[in-house]
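Each remark here refers to the structure printed beneath this line.
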Amino acid sequence: MAEQAKVIRKRIKSVSSTKKITKTMEMVAGAKLRVAQQRVQSSGPYLDNLRGLMREIGACGVDVTRWPHFETREVKRSLLWIITANRGLCGAFNTNLIRLGKKTYEQKIAGGIEVDLHASGRKGVAALRYQGVPTVATYIDEMKDRPEPSDADFFQKILTEPFLNGDVDEVVVVYPHWINSARQPPTALRLLPIAPESETGGTEGGGKQTDGDAPGQKRSAHGVTPLFEPSAEEILDRLLPLYLRQTIYSILAEAVASEQFARRVAMKLATDNAEEMVTNLTRDYNKARQAQITKELAEIIGGAEALK
Amino acid sequence: MLDVVVVSPARPVYEGRAKGLRVPSAEGQLGIQPKHADLVAALGVGELKIEREDGKTDAFAVWGGFLKVGGTKVTVLVDRAEKAAEIDKAAVQKELEETKKALRAPKSDESYTQLMEQRAWCQSRIRVADSRL
């Protein structure tokens with residue numbers, strides 16, 4: 001009995017120290033989440049405004065299909081970019097992304113499309129390698145914990161050049177789309193060709209932001225087009241790369257925020273779980289201790305009785 | 001009065017009412033006053049000056065982006081923006097010297113254009129930093 005109490009005490013100690021670690025990780029993730037969330041929110045207005053500008057240019061009768069970015073070709077080869085985290089301990093976050101990524105990949109292969117698979121994040125790279133899914137490129141150090149707009153330049157080059165050269169016919173990104181602090185579902189987003197309807201919101205969740213641009217649209221509808229300087233075409237020339245870069249930046253920012261959110265939730269669950277375990281173990285320990293005392297008492301009394 | 005919003009890729013930079021503003025467009029300085037015709041313009045490198053309602057002026061060094069005027073609403077999308085307090089003048093001065101040195105022997109036409117923009121970016125940051133005084 002004395003043995004059992006000792007074993008339980010040891011376990012309590014180990015569970016409490018695990019709890020301390022998960023609690024700390026929860027708080028760290030919470031702090032990082034706040035910063036990451038801020039980043040997601042403040043990258044939004046720029047993207048929405050770029051989208052609004054694009055819409056305005058489109059509404060002014062500029063034939064956007066002249067730009068290769070909008071060109072819809074029959075898809076023979078597809079570039080798929082799967083984003084995961086570099087670190088684990090964040091619940092099903094990475095698993096869900098990999099599952100969606102693999103599903104997308106298999107669907108394309110089944111449809112007779114060749115896929116160039118790019119994987120970001122240590123966890124995704126490892127999982128895909130383990131499952132025997134071939135990747136053409138992997139990025140680990142390029143995935144920053146605190147992405148800056150300039151970090152998106154690298155990915156913009158890698159993702160858009162094959163499309164513009166005609167090597168691939170579409171670019172699809174699988175990433176955790178930050179809708180709000182309660183929902184970040186893994187999402188497959190078609191980055192290129194830019195769909196003309198995606199400019200009006202829809203998949204990107206820019207719908208709520210269109211209010212501010214509504215007057216501009218109305219005026220265009222009335223036939224009063226704004227002046228363009230130097231020209232609508234030249235502005236679109238400059239705008240498209242910026243639009244793609246900002247889209248990629250917001251994807252990176254959303255991925256980081258979602259990861260921190262998933263980690264905080266996972267660590268909160270772990271902490272609560274540890275708490276419960278400690279409560280149960282303490283109860284068991286007290287029981288064992290009590291049993292031992294009772295046993296010792298019984299022995300003493302038994303001994304005393306025997307002496308009579 | 002104009003409602004002015006300035007945003008950069010990383011964050012909103014400025015939001016408020018203004019009497020007018022001056023922006024460096026790709027083809028030269030542009031002044032925007034109330035009742036300006038609707039306009040969309042590409043921006044170059046230079047200083048963005050916003051004359052606030054209270055008569056004070058806010059200055060930013062900006063590089064690239066777009067200007068959109070629609071009625072009384074003015075939206076400035078800038079690729080980079082720095083205000084006086086954020087500029088480390090000594091560091092910029094050093095950067096400017098290096099750019100000037102590189103400009104004496106540019107490798108290609110492309111890098112020449114880049115360096116020229118870099119130089120203008122340094123110079124406008126220095127001017128903005130000085131304008132605080």
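Go through the range B:87-133 and give me each residue that's outside any helix (DSSP H, G or I) and touching a residue at least 24 places away in the same chain (Cβ under 8 Å).
B:Ile87, B:Arg132
In the set A:Leu159, A:Leu191, which member is modelled with pLDDT of 90 or more and assigned to a helix (DSSP H, G or I)?
Among A:Leu159, A:Leu191, only A:Leu159 is modelled with pLDDT of 90 or more and assigned to a helix (DSSP H, G or I).
Confirm whether A:Gly212 is in a loop (DSSP other than H, G, I, E, B) and at pLDDT below 90.
Numbers: in a loop (DSSP other than H, G, I, E, B): no; at pLDDT below 90: yes.
When the stated conditions are applied, A:Gly212 does not pass them.
Scan the range A:8-48 residue by residue and report those that are under 20 Å from A:Thr279 (Cα atoms), open to solvent by less than 80 Å² (accessible area, probe 1.4 Å) and of a type in the set (A, V, I, L, M, F, W, C).
A:Ile8, A:Ile12, A:Val15 - these are the residues of the range A:8-48 that are under 20 Å from A:Thr279 (Cα atoms), open to solvent by less than 80 Å² (accessible area, probe 1.4 Å) and of a type in the set (A, V, I, L, M, F, W, C).
Please determine whether any residue of the range A:255-278 is over 34 Å from the mean Cα position of the chain (by Cα) and farther than 23 Å from A:Gln37 by Cα.
Within the range A:255-278 (the criterion being over 34 Å from the mean Cα position of the chain (by Cα) and farther than 23 Å from A:Gln37 by Cα), the answer is no, since none of the residues qualifies.
As an exercise: evaluate A:Ile82 against (1) more than 29 Å from the chain's Cα centre (by Cα); (2) of a type in the set (Val, Ile, Thr); (3) buried (at least 19 other Cβ atoms within 10 Å of the Cβ); (4) more than 14 Å from chain B (Cβ to nearest Cβ) and give the number of the one condition it does not meet.
(1)
Being farther than 21 Å from A:Trp178 by Cβ, at pLDDT 90 or above and open to solvent by 20 Å² or more (accessible area, probe 1.4 Å) narrows it down to one of A:Glu74, A:Glu106, so name that one. Steps first, answer last, please.
Numbers: A:Glu74 fails: at pLDDT 90 or above.
Checking each option against the conditions leaves just A:Glu106.
Would a scan of the range A:49-56 turn up a residue that is in contact (Cβ under 8 Å) with a residue 12 or more places away in the chain, closer than 26 Å to A:Glu259 by Cβ and not in a loop (DSSP other than H, G, I, E, B)?
Yes, some residue in the range A:49-56 is in contact (Cβ under 8 Å) with a residue 12 or more places away in the chain, closer than 26 Å to A:Glu259 by Cβ and not in a loop (DSSP other than H, G, I, E, B).
Taking only pairs six or more apart or across chains, which ones have beta-carbon atoms under 7 Å, a first residue in the range B:15-37 that is away from chain A (no Cβ under 14 Å), and a second residue that is among the acidic types (Asp, Glu)?
Once the first residue is away from chain A (no Cβ under 14 Å) and sits in the range B:15-37, its partners that are among the acidic types (Asp, Glu) give B:Arg17/B:Asp3; B:Arg17/B:Glu53; B:Ala18/B:Glu51; B:Ala18/B:Glu53; B:Lys19/B:Glu51; B:Lys19/B:Glu53; B:Gly20/B:Glu51; B:Leu21/B:Glu51.
The values are calculated or read from the model by the stated rules, or taken from the named source; none is laboratory data. In this text, all values refer to a predicted model and were calculated from it rather than measured experimentally. With ideal geometry, Cβ positions are generated from the backbone for all residues, glycine too; neighbour counts draw on all protein chains shown. To get the accessible areas, we keep the full protein, side chains included, count just its heavy atoms, and leave off ligands, DNA and RNA. Shrake-Rupley method; radii C 1.70, N 1.55, O 1.52, S 1.80 Å.
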